[in-house]
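Accompanying notes for the structure given below.
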Amino acid sequence: MKIEIPVEAIKEVNATSSKLQVILVDGREITVPLEWYPRLQKATPKQRANYRLIGNGTGVHWPDVDEDLDLEGILGGYASPEFKGRKARR
């Protein structure tokens, strides 16, 4: 059985100490401040690198820090409810 991957699907994720970069299968690259996701910001580089794509690439799960993000929220500029800053949408 062939699995259809949505056009708006995540191909790869890169997280530095300050930015979260999401690369989509269609070639777009979305970069957001890592501070929007406090659990990932507090995580070690090794923990940030340990992720898996979920929902046919429409989400990301980091098991070491129990964080899940969906592509819709990332594209919409929504931060984690744990983020206390003022720039992200809620």
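A few remarks follow.
- For the stretch 38-90, Kirkwood radius (reciprocal of mean inverse C-alpha pair distance, Å): 11.7 Å
- ³J(HN,Hα), Karplus 6.51/-1.76/1.60, whole Hz, each residue of the stretch 55-61, x for Gly, Pro: x, 6, x, 9, x, 9, 10
- Sulfur and carbon atoms: percent of accessible area, the chain [1.4 Å]: 50 percent
- Over all projection directions, the Cα-based convex hull of the stretch 1-78 averages an area of 5.0 nm².
- Dividing the summed helix terms, -39500 (n - 2.57) for each DSSP H run of n ≥ 4, by the number of residues in the chain produces a 222 nm estimate of -3500 deg cm²/dmol to the nearest 500.
The values are calculated or read from the model by the stated rules, or taken from the named source; none is laboratory data. All of these numbers come straight from a predicted model, not from anything done at the bench. Just the protein is used for accessible areas: all its heavy atoms, side chains included, with ligands, DNA and RNA removed. Shrake-Rupley method; radii C 1.70, N 1.55, O 1.52, S 1.80 Å.
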